[in-house]
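The values are calculated or read from the model by the stated rules, or taken from the named source; none is laboratory data. Keep in mind the model is a prediction, meaning the values are calculated, not measured. Heads up, the Cβs are rebuilt from the backbone with ideal geometry, glycines too, and the neighbour counts pull from every protein chain shown.
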Amino acid sequence: MPRYPTLFALCTRPFSRMIHLGLAFFLLGNLSLTAQAQTDEDTGRKAAEELRVLVTEGTNVIGDLQPAINSGKTAKDKVAPDALVEQFKTRYQKATGAAMDLKATGILGDTRRAYLQAFTNVVTRFQPNLIKGGQDAFVPAFFRAQSLNDFNKSMQGKLQAYATNREGELINGDWAVAKVMKGSPLAGEVTKLMATGALEPVVKRSGNTVMGYYPMKLAAGCVACHAQNGLKQKEGAFGGALVAQIPVK
């Protein structure tokens, strides 16, 4: 473990050494801030949209499997990681009109690679749940939360993604804004947007951050599943939001 000088030790060093040390800390701090804000606003908006497509299509792969998972009738070869990745890529191409370019540079390429890796990691990690199945053995919301957790770790602050909902409509308290967006400069804004229940996306600059706010509509399967947990909802109504947060110049 690295050892850091105490305040007393710093104060007893020659003045010139303290100046050099202070300059070093200053430069390191600036480098860290610069690394977090290399994206321009227009690219940030594109990255937010890219995230929306990736998360939507990735989650829909699991959504399509829900009847088979809940009934415990999945075919092992159909839920193998390679098979699910191919389904994901097919859905992505259909949604965007182009194959997923994993060699792209900049934040768009980083976002694609990080999400694909997160998708692969999660469906690999939870293979027993996918194969055995059973009611609520592996639901889309759980998959989304797990994949975004892996994704955020890979992106290291260049883009952070959150899936969250209003307090009164939570099945899992860990998905509340106060939990998943703790420390985010967008938490208050997201809370206000969700309070309206509006279904229109909001993509804008907020301070030094581009925010992509994408409301999610409740599908029939979601409503039926949530009803088993005592939550009464309507198909097509507000069902939470996907939020992208990108530091920009």
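Do we have any residue at all in region 212-225 that's in a helix (DSSP H, G or I), modelled with pLDDT under 90 and touching a Lys or Arg at 6+ places or on another chain (Cβ under 8 Å)?
Keep residues of region 212-225 that are in a helix (DSSP H, G or I), which gives 220-225.
If we keep only those that are modelled with pLDDT under 90 too, we end up with 220-225.
Subsequent filtering for residues that are touching a Lys or Arg at 6+ places or on another chain (Cβ under 8 Å) retains 223.
Yes; the residues of region 212-225 include at least one that is in a helix (DSSP H, G or I), modelled with pLDDT under 90 and touching a Lys or Arg at 6+ places or on another chain (Cβ under 8 Å).
Hey, can you tell me all the residues within region 129-144 that are surrounded by fewer than 18 Cβ atoms within 10 Å (Cβ to Cβ) and of a type in the set (A, V, I, L, M, F, W, C)? The answer is Ile131, and nothing else.
Kindly provide the set of residues from region 46-72 that are touching a helix residue (DSSP H, G or I) at 6+ places or on another chain (Cβ under 9 Å) and of a type in the set (Asp, Glu), ordered by number.
Taking region 46-72 as the starting set, the residues that turn out to be touching a helix residue (DSSP H, G or I) at 6+ places or on another chain (Cβ under 9 Å) are 46-47, 50-51, 53-67, 69-70, 72.
Within region 46-72, Glu50, Glu57, Asp64 qualify.
For region 171-202, the set of residues classified as modelled with pLDDT of 90 or more and buried (at least 16 other Cβ atoms within 10 Å of the Cβ) consists of Val177, Val180, Met181, Ser184, Leu186, Ala187, Glu189, Val190, Thr191, Leu193, Met194, Val202, listed by residue number. Taking Ala99 as the residue in question, decide whether it is of a type in the set (Gly, Ala, Ser), surrounded by fewer than 16 Cβ atoms within 10 Å (Cβ to Cβ), farther than 21 Å from Val243 by Cα and touching an Asp or Glu at 6+ places or on another chain (Cβ under 8 Å). In short, no.
Of all residues in region 33-58, those satisfying the criterion of being at pLDDT below 95 and either touching a strand residue (DSSP E or B) at 6+ places or on another chain (Cβ under 6 Å) or assigned to a helix (DSSP H, G or I) (or both) are Leu33, Thr34, Ala35, Gln36, Ala37, Thr39.
Here is the figure for region 100-136: residues that are in a loop (DSSP other than H, G, I, E, B) and closer than 18 Å to Ala83 by Cβ total 3.
Do we find that Arg112 is among the basic types (Lys, Arg), at negative phi and in contact (Cβ under 8 Å) with a residue 40 or more places away in the chain in this structure? First the steps, then the outcome.
Working: among the basic types (Lys, Arg): yes; at negative phi: yes; in contact (Cβ under 8 Å) with a residue 40 or more places away in the chain: yes.
Against the criterion (among the basic types (Lys, Arg), at negative phi and in contact (Cβ under 8 Å) with a residue 40 or more places away in the chain), Arg112 qualifies.
On inspection, Ala114 does not qualify as small (Gly, Ala, Ser), surrounded by 15 or more Cβ atoms within 10 Å (Cβ to Cβ) and either more than 14 Å from the chain's Cα centre (by Cα) or over 16 Å from Phe88 (Cβ atoms) (or both).
Among the basic types (Lys, Arg) and in contact (Cβ under 8 Å) with a residue 60 or more places away in the chain - does that describe any residue in region 167-180? The answer is no; no qualifying residue exists. All conditions in (1) under 14 Å from the mean Cα position of the chain (by Cα); (2) under 20 Å from Val61 (Cβ atoms) hold for Leu159, with the sole exception of (2). Across region 70-99, the number of residues qualifying as outside any helix (DSSP H, G or I) and of a type outside the set (A, V, I, L, M) comes to 7.
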